[in-house]
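The values are calculated or read from the model by the stated rules, or taken from the named source; none is laboratory data. Keep in mind that what you see is a predicted model, and the values were worked out from it rather than measured. Here the Cβ is made from the backbone with ideal geometry for all residues, glycine too, and neighbour counts use every protein chain on show. Just so you know, the surface numbers come from the protein's heavy atoms only, side chains and all, with ligands and any DNA or RNA stripped out. Shrake-Rupley method; radii C 1.70, N 1.55, O 1.52, S 1.80 Å.
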Protein chains: 2
Amino acid sequence: MPSYSAPVRDYQFLLHEVLGVSQYSNLPGFSDLDKETLDAILEEGGKFASEVLAPINRTGDIQGCTRHDDGSVTTPDGFKDAYKQFAEAGWMGLGQDPEYGGQGLPHILSLAVAEMTSGANMAFGMYPGLTGGAVRALVAGGSEDQKQMYLPKMISGEWTGTMNLTEPHCGTDLGLLRTKAVPQADGSYRISGQKIWISSGEHDLSSNIIHLVLARIEGAPDGVKGISLFVVPKFLPDANGDAGERNTLQCGGLEEKMGIHGNATCVMNYDGAKGWLVGEENKGLKIMFVMMNEARLGVGLQGLAIAEAAYQNSLAFAKDRLQGRSLTGPKNPDGPADPIIVHPDVRRMLMDQKSFIAAARCFIAWAALQADLEHNSDDADTREKAGDYMALLTPIVKAYLTDKGFLSASNGLQVFGGSGYVEEWGMSQFVRDARITLIYEGTNGVQALDLVGRKLAMNGMRPITSFFAELDACVAEGGDETVKPFLDAVASTKAALKEATDWLVENGLKDFNNAGASSHDYLQLFGLTCLTYMWALMAKAAAKKAGDPFHDTKLKTGRYFLDRWVPEAGMHLAKVKAGAASMMALESEEF
Amino acid sequence: MPSYSAPVRDYQFLLHEVLGVSQYSNLPGFSDLDKETLDAILEEGGKFASEVLAPINRTGDIQGCTRHDDGSVTTPDGFKDAYKQFAEAGWMGLGQDPEYGGQGLPHILSLAVAEMTSGANMAFGMYPGLTGGAVRALVAGGSEDQKQMYLPKMISGEWTGTMNLTEPHCGTDLGLLRTKAVPQADGSYRISGQKIWISSGEHDLSSNIIHLVLARIEGAPDGVKGISLFVVPKFLPDANGDAGERNTLQCGGLEEKMGIHGNATCVMNYDGAKGWLVGEENKGLKIMFVMMNEARLGVGLQGLAIAEAAYQNSLAFAKDRLQGRSLTGPKNPDGPADPIIVHPDVRRMLMDQKSFIAAARCFIAWAALQADLEHNSDDADTREKAGDYMALLTPIVKAYLTDKGFLSASNGLQVFGGSGYVEEWGMSQFVRDARITLIYEGTNGVQALDLVGRKLAMNGMRPITSFFAELDACVAEGGDETVKPFLDAVASTKAALKEATDWLVENGLKDFNNAGASSHDYLQLFGLTCLTYMWALMAKAAAKKAGDPFHDTKLKTGRYFLDRWVPEAGMHLAKVKAGAASMMALESEEF
């Protein structure tokens, strides 16, 4: 059975040495967070992940969820108890508002703990993950009454939450949605319609489930301009705010999926269910997108988390499995063969994983810090810049880390050879679980289009101009001969990205299909540039402690990234500049 | 449920127009094969695949195989009947020796039919596929008595076959194998030991199963020099050559796998089972490798076959699913939305699949023709050159087509969005089935090492020198402005491959780890060069019929390949030249 050990040491390096969180002690959330407290939370979160969540990950995959005739759903063995412990330990409220019972700790810390949760058990992590999304939507758009009614119980974990967007005929294109809301005399609405692919839509972990549902109020305009958001609880809160009468909504079925079997993916039928408007009429999408943007960071995080879990297990296998001899002479002469970690091509797969994971984790932590600065900095310019970065980089975190996270997990499976294909070893589950991350919360193609179609041009290209300046400043700051190659790589990937950006600006406006056609490779090039920048930040920090084993290993890992990842920049640039002509040349019937 | 339509038209183009098989009518196998016969066989093979095999593909995935307490194994519903039809129609003997009941048709044709079989139902195709492997081993190494005893019944499909190499502690490193063979007074041997991952090891499709088993004769040398090959039937042939007494071997268990559930992957326990030596003592590996080289072509073919199946279904979905509007204005103004095929990023995934598949199929057909020329040409130089090509290119066919075939299937799944992740739609099965092809018959890492460590240096580098000359000649022949860009791409990828080869020769000998470290990217670059060459061959043929829709579409598809695949050459070259330093820098304990 696969095991999981939380990357606590790596987070300590990132938070204390690379990002220097102590400099933000003047900000809310950071103020109570001295190094000891921070480390203690990381350690505890890691322990919970390894000891409580990892052991039920494979059971969850094998058993999956079960729907009963009455529409109720049972989660796999151990999930209910683990969730109880999770809620009681307060993990749900880590990053949430203290006013509603949260601990108010920074994103950078709650995301670190979320990586551990997802790495140990991605399907489990989705229950609190979706609740977090619903909480954010209520924070963003709910009335004070609604906040008082729902947030404390959701933040304590007593109640969980969901997001209901997709319908059978509409996923990406929400303008087509048909679920109806009919106003009632008491100010509530009756919601009717079918939603599909509702993660955590029904289960036995919590005493109530708070559904946030997109629907169209009778008479509202067609398309995206007529969509409103509703809060629709499974049990209607009674006068004391406790779960009361059963609402007329039900799980109509569970999807059989490729992975994340431990999470219930539900068809949800709303049959005149009672709900209340969140925010203004016809402005539901805006609130949903506030939440979705944060959820996208969470999905990028899952890409990293699964990559880490797969890496750990492939590394253990590579050290353990004896097969063949090193090309340069036996390394285990007393054994029947050498451990396969001696073989260069096994190293390639391990180093590809390791060097990606280190940079991806840094990128997640860096992005989480931007989220904290956006919300909490006392300096307006800092808030603006951080907000720009979050807008610009969210699609990249989501798509690049999941594209590469999936391939990384697949590399981990490959290290196992035939055993990787046998379910018992658990590597297949990582690959199957990871595959959804390229799809949900907006497919990676949608992310790429969001990047080139919306984020690039925002505010007169202010976000990317600001990001380029940050890269230039990093290079200009210089460094010793250890750091220099990393800065050179930042300069070269940035130059490629700049050229690609200029090409897009010139050609994407002339023909929108050029923007669409090049969006994937543009996003890939952008992601590579970001990870290269992260390596430069890590190299600068590690170089200060050169000679120390942890830091030397970090630098060696970074050099592999320079050798084996950075060369992809030129390829992506060439593909960006190929544009739409050959991609769109075929008529539909010619395929 | 996914459907499958055999690519008959494409094979007609390849066989008649690109490779011009009619010019080989002087060779055995080709002589009876006029255009009508050839087309009829392709049509019939395609029909069988679509109508008999495809409909039971998903059932096979859902039900899998069942082992009973007595060690017997039941295949999924419909497999037994389909196999009966397959055998009765004579598909098993298509490419086999007429002396033993085969039809003696060329490889190029039997591989075309094999693609259809695997594309429609990969798990099913492995039963005859493994039988074909066992037949080849017996042809290569068996005595005349053994051939008479086994081949007719295997070629008719009455009996099936398997290959038994792997043991729990040894896969790639066969030198470690422990299965024992004890000589008996009657000239037979008693075989004892455990073999794992034996595809088609036990099932209910045939009245006997002929196991080819690698084992070590008592007292034989250690390592690979003491391995012999044995034929070990499930039922011992009686005096009439029919299945008689039950042998002491049994399926001890089935593996739960990520995919290919319809094929029984068995633990096989040999408990003093009666077997007979095939070929000479201690020379078993050589025979096994004759067969394995052909099996590797078959695995490359599976990569292509699954890619085709996934492509067809993703294309149908992309034409059917309405979501969003074209960036350049509505294309389906009367509908609620446009079909997603209008979106450039969906096109990218479709064109990536389509342009890969066309070239991969050409590569398989071209390689199969080399196999035919190697065995049947009346010209010694042609035989030598074709043999060189087969040796050099087999690891590339196996690894490149499966690496890219897996990604291609994953792209197909991505086109489906969330539906791709739901098992009901069948795309998950393609991805899960395809994943094994990167592993079995020698992992893709082993293929890369075979290429750089063995095949490159063979006969004073004669094979690659000869292949480079072929590429140069293709470029030198020239072409009109339609063909010219394809020739330029052959020249540029060949130049990169030549530079990488020179680097390897210089640095791989200095430090073997350099060869190992660069083997993966070298193979990728080689594969890309081969597919580019295939596109040049196809472009030359298609250009002759410019104006005809089929041929124009082919040229357009090729131009996409030039734009979006060829730019990967420079990246692979840069990675090759990075060598071993950063890849091998970490001590094992530093990971």
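For B:Glu477, the label point sits 7 Å beyond Cα toward Cβ; its separations from the matching points on the remaining copies run 5.8 nm, from shortest to longest. Volume per residue of the convex hull around the Cα atoms, evaluated for the range B:19-76, comes out as 137 Å³.
In the assembly of identical copies, B:Lys84 has its label point, taken 7 Å from Cα in the direction of the beta carbon, separated from the corresponding points by 5.5 nm (ascending, one decimal). Quotient of the Cα radius of gyration of the range A:445-583 and 2.2 N^0.38 Å, N being its number of residues: 1.14.
Calculated mean residue ellipticity at 222 nm for the protein assembly as shown: -18000 deg cm²/dmol, from DSSP H runs with n ≥ 4 weighted as -39500 (n - 2.57), summed, divided by the residue count and rounded to 500.
Normalising the average separation of contacting C-alpha pairs (under 8 angstrom, six or more residues apart) by the number of residues puts the relative contact order of chain B at 12 percent. In the range B:500-527, burial by the other protein chains removes 40 Å² or more of accessible area from B:Phe512, B:Asn513, B:His520, compared with the chain on its own (1.4 Å probe, ligands and nucleic acids ignored). With q set to 0.21, 0.32, 0.33 Å⁻¹, the log10 of I(q)/I(0) for the range B:82-125, from the Debye formula over equal scatterers at the Cα positions, is -0.69, -1.12, -1.13. Summary for A:Ala380: label point 7 Å along Cα→Cβ; distances to the equivalent points in the other copies, ascending, 9.0 nm.
Evaluated at q = 0.20, 0.21, 0.23 Å⁻¹, the base-10 log of the normalised Debye intensity for the range B:506-591, with identical point scatterers placed on the Cα atoms, takes the values -0.89, -0.94, -1.03. Classify the range B:194-285: rounded, prolate or oblate, from the alpha-carbon gyration tensor (a ≥ b ≥ c, eigenvalue square roots; a/c under 1.5 rounded; otherwise prolate if a/b is larger than b/c)? The shape class here is oblate. Remark: the B:Lys331-B:Lys544 segment gains 73.4 nm on full extension, using 0.36 nm per residue and subtracting the alpha carbon distance.
The reciprocal of the average 1/r between distinct C-alpha atoms defines the Kirkwood hydrodynamic radius, which for the protein assembly as shown equals 31.2 Å. By the Cα gyration tensor, the range A:390-448 has an equivalent ellipsoid whose semi-axes, rounded to whole angstrom, run 27, 10, 7 from largest to smallest. Looking at the protein assembly as shown, the DSSP beta bridges with both ends there are about 80 percent antiparallel. Annotation: per residue accessible area for the range B:189-321 equals 33 Å², rounded to a whole number [probe 1.4 Å, protein chains only].
Considering only alpha-carbon pairs that sit under 8 angstrom and 6 or more positions apart, the relative contact order computed for the range A:25-125 is 33 percent. Take each residue of peptide A:418-428, count the partner chain Cβ atoms within 10 Å of its Cβ, and average: the result is 5. Kirkwood hydrodynamic radius of chain A, from the reciprocal of the average inverse Cα-Cα distance over all distinct pairs: 24.9 Å. Per residue, the convex hull around the alpha carbon atoms of the range A:53-100 comes to 105 Å³.
Which value, in Å³ per residue, describes the convex hull spanned by the Cα atoms of the range A:1-136? All intermediate terms of the calculation are to be shown ahead of the outcome.
Details: hull volume 14.8 nm³, N = 136.
Given the Cα convex hull of the range A:1-136, per-residue volume reads 109 Å³.
Quarter the surface of the alpha carbon convex hull of the range B:437-501 and you get the mean projected area, 5.7 square nanometres.
Separation of the alpha carbons by more than 25 angstrom is noted, of A:Lys47/A:Lys385; B:Lys147/B:Lys283; A:Lys404/A:Lys545; A:Lys404/A:Lys455; B:Lys225/B:Lys455; A:Lys147/A:Lys286, for A:Lys47/A:Lys385; A:Lys404/A:Lys545. How many percent of the accessible area of the range A:326-437 is carbon or sulfur, using a 1.4 Å probe? Carbon-and-sulfur percentage of accessible area, whole number: 49. With each label modelled as a point 7 angstrom along the Cα→C-beta vector, the B:Asp238-B:Asp32 pair spans 3.3 nm. Rounded to the nearest 100, the interface formed by chains A and B buries 7700 square angstrom of accessible surface, both chains summed, with a 1.4 Å probe. When B:Asp97, B:Asp271, B:Asp61 are compared by accessible surface with a 1.4 Å probe, the order from highest to lowest is B:Asp271, B:Asp97, B:Asp61. Entry note, the range B:445-583: relative contact order of 32 percent, from Cα contacts under 8 Å with a spacing of 6+ residues. As a ratio to 2.2 N^0.38 Å, the alpha-carbon radius of gyration computed for the range A:288-337 takes the value 2.05.
Size of the range A:243-344: Rg and Dmax of its alpha carbons, in Å, are 25.5, 75. Of all beta-carbon atoms in chain A, the one sitting closest to the axis that brings chain A onto chain B gives A:Met571, 2, with the distance in whole angstrom. Of the solvent-accessible surface of the range A:445-583, computed with a 1.4 Å probe and all protein chains present, 57% belongs to carbon and sulfur. Peptide A:322-332 has a mean of 4 when you count, residue by residue, the C-beta atoms of other protein chains within 10 Å of its C-beta. Comparing the full protein assembly with the isolated chain (1.4 Å probe, heavy atoms, ligands and nucleic acids excluded), the residues of the range A:333-353 losing at least 50 square angstrom of accessible area are A:Pro344, A:Asp345, A:Arg347, A:Arg348.
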